[in-house]
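In what follows, a single structure is set out as structure tokens and then discussed.
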Amino acid sequence: MAAETPAITPELVAQHGLKPDEYQRILDLIGREPSLTELGIFSAMWNEHCSYKSSRLHLRGLPTKAPWVIQGPGENAGVIDVGDGIAVVFKMESHNHPSFIEPYQGAATGVGGILRDVFTMGARPIAALNALRFGDPDHAKTRHLVSGVVSGIGGYGNAFGVPTVGGQVGFHTRYDGNILVNAMAVGIAATDGIFYAKATGVGNPIVYLGSKTGRDGIHGATMASAEFDDASEEKRPTVQVGDPFAEKLLLEATLELMTTGAVVAIQDMGAAGLTSSAVEMGAKGDLGIRLDLDNVPTREEGMSAYEMMLSESQERMLMVLDPDKRDEAEAVFRKWGLDFAVVGYTTDDLTFRVWHNGKEEAALPIKELGDQAPLYDRPWVETPKRPVIAASDVPAPNSLAGALKTLIGSPELSSRRWVYEQYDHLILGNTVQRPGSDAAVVRIEDGPKGLVLTCDVTPRYCEADPFEGGKQAVAEAWRNITATGGKPLAITDNLNFGNPERPEIMGQFVFCLKGIGAACTALDFPVVSGNVSLYNETQGRGILPTPTIGGVGVIDDVSKSIGLGFAGADEDVVLIGETAGWLGSSVYLWLIENREEGAPPPVDLQIERRNGDFVRELIIKGEVTAVHDLSDGGLGIALAEMAMAGKTGATITALPEGVPAHAALFGEDQARYLVTATKADALIASAQAAGIPALKLGTTGGAALTLPNGEAISVADLNAAFEGWFPAYMARAAEN
């Protein structure tokens, strides 16, 4: 006997994440009370995660076009042209709330979802990256969350067969109750072989592909658009369950199907599942959609229309098919052991109709569901400017070498080897620069061309000054690609913020976006895809604003890519870029002085471009043997990382003039690079001729890093501190 359908009450509307004025908008739109299934459909399509109702207004200001951009935001993933008939397809998305509630499956299905976004476009995934933010290491849940998330990412990516080649991991108490799991996938396709989600043709069959539908993930998108509270643990049923082996079959079947010419349009079933995929395809094509849920393959008995429409079961796709090629398409999917079912067809009435057991459960205007969800111009206030902190107002440490060892062994700056060694970063055999480098380098097919990939953001800068922080996140991604020898081409972003209904949080979002837009414009580095994750808050405490930037660049010959490790002894160490000793919002101020304050370093985008273009040219001409961009921890950390990576010390005899030694070593001035060369005189002369500051700091060699004041720390001691923190921290989880 069917369960009784509940009455539509204000409480039920609120449980679906809809505010009273939004529900009134629904009533005005359809002229009647919605059915339960219709209420669920509106809830899914109008939540923040799917509709971008708080962010769309501001996202419009981002630069999204360039001669090499094939597809910008608005599709499953962005697409750029890297020449030779090759397109790169990539995107980043968040799985923050699911990963906090159920870390393994939350992170695993985050990886699965972003991989589907890429191969839905017709691309074969060749690399994955991720950016992770956890709470204070001493928080009771942090170890458990780190362990589960890393296992989930590795478990899915390794089994699916895509290398995880780069990313970020950070810790801060502001993520105690709301971690961030941002997953990025990159694939390659032929430039003339891209597939889109826009449905065309009336009466064309709509086909369900992949795994069966279950009750997992129901209300997942709505949950992702809500703040956390004490009851968040009870939301485990809204976390999807992933199967990487089924996804691998889905990948191969989909790519084979695409060669048949049968695919008219295709859409991943991600957030809001069958609802969003069907609505988006119809709305983009100015068509109506009719679904017959009796034909949807299910793995559980007695599923209602409401449950089927809101399920977020994984490894599923929806496709509009050429009716003349139905049998050929079905044969492909049956061969791979996957479900293939015609579940509806396109119509000309601009209505989204859902039928189940002979009854029409939903009849809604499709454009209003998809393209015309509520749009809010939320009030915002600008973040107050923090004062500039003079280097002379920040005490020097008792020991420069001691401070360096403390920083390099801290949770913020220590090695992430414990994390990335759980990921297979060599599968497919095309990884040239591995995790631990400034950026990953992945060969395209047999080469010599390759992709240069990175994920970057400095949340403490974005908290201190959202505009400068947004600029810096893009500039650092651009620098990391440049420092590896790549030409930066485009970005995807994952904009993680707190509650947009709070004007100060909305102000962070608005100004981070302004900074991102300014940097993308100045650096010819357009935004081609992305994701917005709002309401990252627990009991009123928001995360640090974290607009993660995923950067993609190209290098014409991967053999010319360069690592950051000192290449050998008796080479000159040269600092490129100007050093003022900026300590505001620095890691030194935070971890050595216990002060999270001060204005962050300003980002001059013209200088970024000038210095970066100069360094890239040095790399391509083979005039440098190692390159590292300067970021967290400044010059001191960069020197230590280069020494450890190259297993070679250096004697530093000079620092930038007019700057206190601790500020010169640990200041975080932007647009700077550290390079080594066998003969630096010509390099320095050409830099100076271009108006670029360049200073010889010393010479590589020996077993220690020796500072100008005579203090020395062995590379072995640096390495022990650097490599020691993470394994020791996680080992304590096993003991507890």
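The values are calculated or read from the model by the stated rules, or taken from the named source; none is laboratory data. All figures in this text were calculated on a predicted structure; none of them were measured in a lab. Virtual Cβ from ideal backbone geometry, glycine too; neighbours counted across all protein chains shown. Ligands, DNA and RNA are stripped out before the accessible areas are found, and what is left, the full protein with its side chains, is counted by its heavy atoms. Shrake-Rupley method; radii C 1.70, N 1.55, O 1.52, S 1.80 Å.
Tabulated results
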item	result
Selected residue (criterion: farthest from ALA731 (Cα to Cα)) from residues of the stretch 133-172 that are aliphatic (A, V, I, L, M) and in contact (Cβ under 8 Å) with a residue 60 or more places away in the chain	VAL162
Residues located in the stretch 237-267, provided they are acidic (Asp, Glu), within 23 Å of the chain's Cα centre (by Cα) and open to solvent by 10 Å² or more (accessible area, probe 1.4 Å)	ASP243
Among the candidates GLY166, GLY157, residue that is within 19 Å of the chain's Cα centre (by Cα) and open to solvent by 10 Å² or more (accessible area, probe 1.4 Å)	GLY166
Test: THR142 is among the polar types (S, T, N, Q), at pLDDT 95 or above, closer than 30 Å to TRP68 by Cβ and open to solvent by less than 10 Å² (accessible area, probe 1.4 Å)	no
Selection count where residues are assigned to a loop (DSSP other than H, G, I, E, B) and open to solvent by 10 Å² or more (accessible area, probe 1.4 Å), scope the stretch 557-584	15
Contacts under 9 angstrom Cβ, first residue in the stretch 521-532 being of a type in the set (S, T, N, Q), partner open to solvent by less than 10 Å² (accessible area, probe 1.4 Å) and in a loop (DSSP other than H, G, I, E, B), 6 or more apart	SER529/ASN76; SER529/ALA77
For ALA305: the one exception among (1) within 30 Å of GLU33 (Cβ to Cβ); (2) loosely packed, with under 15 Cβ neighbours inside 10 Å	(2)
Selected residue [assigned to a loop (DSSP other than H, G, I, E, B) and either surrounded by fewer than 14 Cβ atoms within 10 Å (Cβ to Cβ) or basic (Lys, Arg) (or both)] from PRO374, PRO395	PRO395
GLU368 being in a helix (DSSP H, G or I), under 25 Å from ILE26 (Cα atoms), among the charged types (D, E, K, R) and touching a residue at least 60 places away in the same chain (Cβ under 8 Å)	yes
Segments classed as strands (runs of 3 or more DSSP E), wholly inside the stretch 410-515, with at least 2 members that are closer than 25 Å to TRP380 by Cα	487-496
Residue list for the stretch 646-679, restricted to those being under 36 Å from the mean Cα position of the chain (by Cα) and within 19 Å of ASN719 (Cα to Cα)	GLY646, LYS647, THR648, GLY649, ALA650, LEU665, PHE666
Test: ALA522 is farther than 30 Å from ARG443 by Cα and touching a Lys or Arg at 6+ places or on another chain (Cβ under 7 Å)	no
Selected residue (only one of ALA331, ALA362, ALA401 is crowded, with 16+ Cβ neighbours inside 10 Å, farther than 30 Å from GLN168 by Cβ and out of contact with any Gly (no Cβ under 7 Å at 6 or more places or on another chain))	ALA362
Condition check for MET92: at negative phi and within 16 Å of the chain's Cα centre (by Cα)	yes
LEU523 being buried (at least 22 other Cβ atoms within 10 Å of the Cβ), aliphatic (A, V, I, L, M), in contact with a Pro (Cβ under 8 Å, 6 or more places away or on another chain) and closer than 30 Å to ALA626 by Cα	yes
Test for VAL320: is it of a type outside the set (Ser, Thr, Tyr), at pLDDT 95 or above, in contact with a Gly (Cβ under 9 Å, 6 or more places away or on another chain) and open to solvent by less than 10 Å² (accessible area, probe 1.4 Å)	yes
Number of positions in the stretch 83-112 that are of a type in the set (Val, Ile, Thr), open to solvent by 10 Å² or more (accessible area, probe 1.4 Å) and in contact with a Lys or Arg (Cβ under 7 Å, 6 or more places away or on another chain)	0
Filter result (surrounded by fewer than 24 Cβ atoms within 10 Å (Cβ to Cβ) and among the aliphatic types (A, V, I, L, M)) within the stretch 488-504	LEU489
SER35 under 25 Å from the mean Cα position of the chain (by Cα) and hydroxyl-bearing (Ser, Thr, Tyr)	no
Filtered residues of the stretch 130-175 (kept if in contact with a Pro (Cβ under 7 Å, 6 or more places away or on another chain), within 30 Å of GLY429 (Cβ to Cβ) and not in a helix (DSSP H, G or I))	VAL162, VAL165, GLY166
Residues of the stretch 179-198 satisfying the condition of being more than 20 Å from LEU250 (Cβ to Cβ) and buried (at least 24 other Cβ atoms within 10 Å of the Cβ)	ILE179, LEU180, VAL181, ASN182
Answer residue from the stretch 27-44, given it is surrounded by fewer than 23 Cβ atoms within 10 Å (Cβ to Cβ) and touching a helix residue (DSSP H, G or I) at 6+ places or on another chain (Cβ under 8 Å) and is farthest from ASN531 (Cα to Cα) among those	GLU33
Residue tally, condition under 16 Å from the mean Cα position of the chain (by Cα) and closer than 25 Å to ILE555 by Cβ, over the stretch 482-498	5
Residue identified as of a type outside the set (Asp, Glu), in a strand (DSSP E or B) and open to solvent by 60 Å² or more (accessible area, probe 1.4 Å) among ARG326, ARG290	ARG290
Residue within the stretch 471-486 that is modelled with pLDDT of 95 or more, surrounded by fewer than 24 Cβ atoms within 10 Å (Cβ to Cβ) and hydrophobic (A, V, I, L, M, F, W, C) present	no
Flag for ALA599 being surrounded by fewer than 24 Cβ atoms within 10 Å (Cβ to Cβ), in contact with a Lys or Arg (Cβ under 7 Å, 6 or more places away or on another chain), touching a residue at least 40 places away in the same chain (Cβ under 8 Å) and part of a loop (DSSP other than H, G, I, E, B)	yes
